[in-house]
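**Q** One structure is given below, represented as structure tokens, and several questions about it will come after.
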Amino acid sequence: MSNHAHDPLATTRREALQAVAAVGVVSAVTASPAQAAASPSTLTFTELQRVYDDYHHVAPGHTTQVLLRMGDPLFVGAPQFDPMAQTAAAQKRQFGSESDYIGFMPLPLGSNSSTSGLLCVNHEMVHSTLMFPGVMEQYDDQRSKDMCDLEMVAHGHSIVEVARIDGKWTIKPDSKYNRRITPLETRIELTGPAAGHKRLKTRDDPTGRNVLGTFANCAGGETPWGTVMIAEENIQHYFGGDPSGTSEAANHEDMKLTTEVYFSWHKHYPRFDLAAEPHEPNRFGWMVEIDPYDPMSTPKKRTALGRFKHEGVGFAFTPDGRVAVYSGDDEAFQHIYRFVSARAWDKTNREKNRDIMDTGTLSVARFNDNETLTWLPLVWGQGPLTPANGFNDQGDVLIECRRAARLMGATPMDRPEEVVPNPVTGTVFAALTKNSKRAKTDGVNPRANNKHGGVLEMLPPGFEKQAADHGATTYGWRPFLLAGDPTQADSGAQYHADISANGWFSNPDNMTFDPKGRIWLSTDGSTDFDRADGLWAADVTGPGRALTKHFFACPTGAEMTGPCFTPDGTSLFVNVQHPGEGSGFKFPTTRWPDFQEGVPPRSSVVVVQRSDGKPIG
Ligand code: FEO
Ligand code: CA
Ligand code: CA
């Protein structure tokens, strides 16, 4: 901890205390027109009224367009979606399932275009009972190989060229950039300190450097040099068999690989059998870098960033241009990580940044109750990360990041989802979605049985002077908001005091910032409370800080993912993920967005624009 007289965080703490004083549990929520006119928020849109039905809704004065549905053809000659005749051969040339991360990568490369680009979209998973006729059991391990192949190619990632023409967005099936990346067919290279490690070697890959595919791709992020990083998150659903008796038993238990099996891929592909191929899971749980501008490029799993259930990734810089990469491990009581590259990135030579994330230092966060944060380095040979604890090299530390983090004294968090630096303020926002298992509280996780989650702000030194140091060892932190219904006396919710009846929410998950640095938060979990998930926005500084306003509501059963603006802020891409979740193919709770008998609800990308074409917000 730094000396208080020279403490760069002193002002910050004062501001934080003032902010907390201005915020509070609101006992009654009413908004008269006069109050609305005097809103301290810089966001001028009229708030969406809370609604939960089988359609989607957006704030007044905006248009929505369903741009890409699961099953839509991505290539010239690819088949149209046919719900009763879905095959792996068709699906691998169509848009995949359950979209999560969206990255808009301007075309041409290096431009700031807001009318032409590559949409890079993750396909996190498949709800087989909802999507496929004839699949009656959610976790049926007797599914056919054809069905497993179809599930596999519905996962992964899509890259598709899009353009805005006469105010409407359209996809270009004839684009040379269009691409599907799947766990069935795409070769991916492992790079960095763990590449070639003996615990990454398998029968199919004795080099420990070549993996077939990626899956469970939740959120992601765009690198400063124009590639995308996609996360491998809930890998525990995809492996079967019993690893007890193998050398990886404890490691696999730590990743919950034996208790949450959803798929039966291991029945047809031995590499997914934990007993037959105990090293295969060690090849998943990484961050994957893809160059969308080179359709022939091999995606790379960057092992220096560690292996855990990565939600996503966010980028910032040190004052000397090294790259800081933030990531959360989305499970109750897991941790927040930061990687800092060893060398500075090169703005003028894209090629020189190609492998920059292979060398650097990974750290994990310890949040101290005095509102400071210490980054603890996960470096082999330092502290407890030695052979005495089973770590024989840096590869072991990276493969078993969770155990290394615990031994170092990292703070167990309330399910870290996205961790994203705000490019305008220089501070870092972390969505802590919920943790109903929490009994013991601490400063940064102040609520037991935390059902609604919250958003935390991490404060690198120098941020107040527009000189945030994302390589520093010590940061500050302060709450941004604590979610839930502030009118419930015992909720513990904290927002701006002017929060409306529509402005509060539960379970923040994804986040992005508009060109003015305002936060846009999407949620996952409100359906448990019989409310719609959706999108909320707020100022992060000034008198409107944490005054969240409701912007978009999802249809029945869906969560909202992937919020992503074009560079000029006039178009906002979002995903409606798993509409109808909890129901089945015969009687789905919604048939969004097609509303045709026999057509299942389909996860889709929706584009929002203002009716007058001006920047959203
Ligand atoms: Fe896939 Fe953490 O949400
Ligand atoms: Ca997520
Ligand atoms: Ca989610």
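**Q** For segment 54-90, which positions are among the aliphatic types (A, V, I, L, M), more than 20 Å from residue 144 (Cβ to Cβ) and surrounded by 14 or more Cβ atoms within 10 Å (Cβ to Cβ)?
**A** 58, 59, 66, 67, 68, 70, 74, 78
**Q** Can you tell me which residues in segment 236-294 are among the β-branched types (Val, Ile, Thr) and assigned to a loop (DSSP other than H, G, I, E, B)?
**A** 246, 258, 259, 261
**Q** Within the bounds of segment 381-402, is there any residue that is away from ligand 2 (no atom under 16 Å from the Cβ), among the basic types (Lys, Arg) and out of contact with any helix residue (DSSP H, G or I) (no Cβ under 8 Å at 6 or more places or on another chain)?
**A** no
**Q** Assess whether residue 152 counts as being away from ligand 1 (no atom under 16 Å from the Cβ), open to solvent by less than 10 Å² (accessible area, probe 1.4 Å) and in a helix (DSSP H, G or I).
**A** When the stated conditions are applied, residue 152 passes them.
**Q** To continue, here is another question. If residue 522 passes every condition in (1) closer than 20 Å to residue 434 by Cα; (2) among the polar types (S, T, N, Q); (3) away from ligand 3 (no atom under 16 Å from the Cβ) but one, which one does it miss?
**A** It is condition (3) that residue 522 fails.
**Q** Right, next: Among the residues of segment 117-149 satisfying the criterion of being crowded, with 24+ Cβ neighbours inside 10 Å and either within 16 Å of ligand 3 (Cβ to nearest atom) or under 19 Å from residue 273 (Cα atoms) (or both), which is modelled with the lowest pLDDT?
**A** Selected residue: 127.
**Q** Out of all the residues in segment 474-486, is one or more open to solvent by 20 Å² or more (accessible area, probe 1.4 Å), part of a loop (DSSP other than H, G, I, E, B) and of a type in the set (S, T, N, Q)?
**A** No, there is no match, as no residue in segment 474-486 is open to solvent by 20 Å² or more (accessible area, probe 1.4 Å), part of a loop (DSSP other than H, G, I, E, B) and of a type in the set (S, T, N, Q).
**Q** Same structure again: Would you point out the residue of segment 355-387, among those that are in contact (Cβ under 8 Å) with a residue 60 or more places away in the chain and in a loop (DSSP other than H, G, I, E, B), that is nearest to residue 225 (Cα to Cα)?
**A** 355
**Q** Mind telling me which of the residues 163, 154 ends up being in contact with a helix residue (DSSP H, G or I) (Cβ under 8 Å, 6 or more places away or on another chain) and in contact (Cβ under 8 Å) with a residue 40 or more places away in the chain?
**A** Unique residue meeting the criteria: 154.
**Q** I need every pair where a residue in segment 522-550 that is at pLDDT 95 or above and in a loop (DSSP other than H, G, I, E, B) has its Cβ under 6 Å from the Cβ of a residue that is open to solvent by 40 Å² or more (accessible area, probe 1.4 Å) and more than 16 Å from ligand 1 (Cβ to nearest atom), sequence separation at least 6 or different chains.
**A** So the pair list comes out as 531/52; 532/52; 544/42; 547/498.
**Q** Go through (1) of a type in the set (Val, Ile, Thr); (2) within 16 Å of ligand 1 (Cβ to nearest atom); (3) open to solvent by 10 Å² or more (accessible area, probe 1.4 Å) one by one and return the number of the condition residue 523 breaks.
**A** Going through the list (1) of a type in the set (Val, Ile, Thr); (2) within 16 Å of ligand 1 (Cβ to nearest atom); (3) open to solvent by 10 Å² or more (accessible area, probe 1.4 Å), residue 523 breaks only (3).
**Q** If you don't mind, there's one more thing I want to ask. Just one of (1) within 16 Å of ligand 2 (Cβ to nearest atom); (2) in a loop (DSSP other than H, G, I, E, B) trips up residue 102, so point out which.
**A** All conditions are met except number (2).
**Q** To continue, here is another question. Filter segment 227-246 for residues that are without any contact (Cβ under 8 Å) to a residue 40 or more places away in the chain and open to solvent by 10 Å² or more (accessible area, probe 1.4 Å); which is farthest from residue 110 (Cα to Cα)?
**A** 245
**Q** I need a count of the residues in segment 362-421 that are open to solvent by less than 10 Å² (accessible area, probe 1.4 Å), of a type outside the set (A, V, I, L, M, F, W, C) and within 16 Å of ligand 1 (Cβ to nearest atom).
**A** Total satisfying the criteria: 4.
**Q** Quick test for you: out of 272, 284, 317, pick the one residue that is within 16 Å of ligand 1 (Cβ to nearest atom), at pLDDT 95 or above and among the aromatic types (Phe, Trp, Tyr).
**A** Every option except 284 fails the conditions.
**Q** Additional query: Please work out which one of (1) open to solvent by 10 Å² or more (accessible area, probe 1.4 Å); (2) among the polar types (S, T, N, Q); (3) in contact with a Ser or Thr (Cβ under 9 Å, 6 or more places away or on another chain); (4) under 27 Å from residue 564 (Cα atoms) is the condition residue 348 fails and give its number.
**A** (3)
**Q** Here's something else I'd like to know. I'm trying to understand the selection: among the residues of segment 439-453, which are within 24 Å of the chain's Cα centre (by Cα) and at negative phi?
**A** Correct list: 444, 445, 446, 447, 450, 451, 452.
The values are calculated or read from the model by the stated rules, or taken from the named source; none is laboratory data. Not measured: the values here are computed from a predicted model. Cβ: placed from backbone, ideal geometry, glycine included. Neighbour counts: every protein chain shown. Heavy atoms of the whole protein, side chains included, go into the accessibility calculation; ligands, DNA and RNA do not. Shrake-Rupley method; radii C 1.70, N 1.55, O 1.52, S 1.80 Å.
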